[in-house]
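Okay, so here's the structure we're looking at.
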Amino acid sequence: MTPWVRRLIVANVIVFFLQQTAPGVTGSLAFVPRYALLQPWTVLTYMFVHASITHILFNMIALYFFGPRVEERIGSNRFIVLYTVSGITGALMSLIFAPYSPIIGASGAIFGVMLAFARFWPDAQIYIMAILPIQARAAVILMAAISLWSGLQGSRTGVADFAHLGGFVGGWLYLVWLERRGGTKKFRAKATPVVAKETLTQWRRVDPTAIHEVNRDEVNRILDKISAKGLGSLTPQERVFLSNFVPPDDRVPPPT
């Protein structure tokens, strides 16, 4: 687990524990749009408050699944900014489109992380409800459509749909800003380490059964791609990802 993903999960769990022991914590940290000017800190603190054990559980699972790869890709400093910006834009969109609906939860921030994941690995297979396989790009489009439709219907299920949409918007804007700030090619080069071709020559020795289930499907997809099209077909991101699972003895030693 990467540094900021670990810290965020710990922080969310601690706040949830405080909610159970001191009920007033929830009201003090929740974002209530009509009171935004009186309680400006809640634009940040609402991200650490959850309504139930299932609420925090699903959010933390999503953060654990998507967060590490995004943090490794763009760096820890950029990752926490991405997370924070996505959460803030989630609150702001709720302020504009659902001013009478208080919101709590890390979903807006995590939706921004999910968008970043889909932007970098659009073809990666993820599973909705751990059952339905779908490409990351399609999953984001589907979730955005559902959130928009539900939000326009008044979010009758109590879900903060506009916070979710705001998370997508914030994540997208931040990534676009990063690319334009340093130039797209420069940003991608900096965000993607170079992996020597020789590092992956022993890809056949990668054992998917020994890999954590969170990464196993993506490893299998990349191995199938190599089998069908060869090492040259891999993107720089796929090379970096697969290199983490090549047996250490087969890695190319660093230059002296």
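Rule-based calculations on the coordinates, nothing more; no lab input. Only a predicted model underlies this, so the values are computations on that prediction, with no experimental measurement involved. All Cβ positions, glycine included, derive from the backbone under ideal geometry; neighbour counts span all protein chains shown.
Key figures for this structure:
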{"read-out": "The chain: radius of gyration over Cα atoms, expressed as a fraction of 2.2 N^0.38 Å", "value": "1.10"}
{"read-out": "Value at 222 nm in deg cm²/dmol, rounded to 500, when DSSP H runs of n ≥ 4 in the chain each add -39,500 (n - 2.57)", "value": "-20000 deg cm²/dmol"}
{"read-out": "Order of V113, V32, V176 under a 10 Å beta carbon neighbour criterion, fewest first", "value": "V176, V32, V113"}
{"read-out": "Sequence of H212, H164, H55 once ranked by neighbouring C-beta atoms within 10 Å, starting from the fewest", "value": "H212, H55, H164"}
{"read-out": "Gap separating the Cα centres of the range 75-117 and the range 1-48, nearest whole Å", "value": "13 Å"}
{"read-out": "P(r) weight above 15 Å for the range 18-111, C-alpha pairs, percent", "value": "61 percent"}
{"read-out": "Label-to-label distance, nm, for residues given as T209 and I14 (7 Å Cα→Cβ offset)", "value": "4.2 nm"}
{"read-out": "Fluctuation leader among G87, G108, G24 - the chain, Gaussian network, Cα springs under 10 angstrom", "value": "G24"}
{"read-out": "Neighbour-count order for M47, M1, M143, fewest beta carbons within 10 angstrom listed first", "value": "M1, M143, M47"}
{"read-out": "Rg/Rh for the range 88-166, where both radii come from Cα atoms and Rh is the Kirkwood radius", "value": "1.00"}
{"read-out": "Inter-probe distance in nm under a simple model that places probes 7 Å from Cα toward Cβ, at R181 and V81", "value": "0.2 nm"}
{"read-out": "Pairwise FRET efficiency - D224 versus T54, Cβ, R0 = 30 Å, nearest 0.05", "value": "0.30"}
{"read-out": "Proximal charge balance of M1 [Cβ under 13 Å; K/R count +1, D/E count -1]", "value": "+1"}
{"read-out": "Fluctuation leader among A163, A210, A36 - the chain, Gaussian network, Cα springs under 10 angstrom", "value": "A210"}
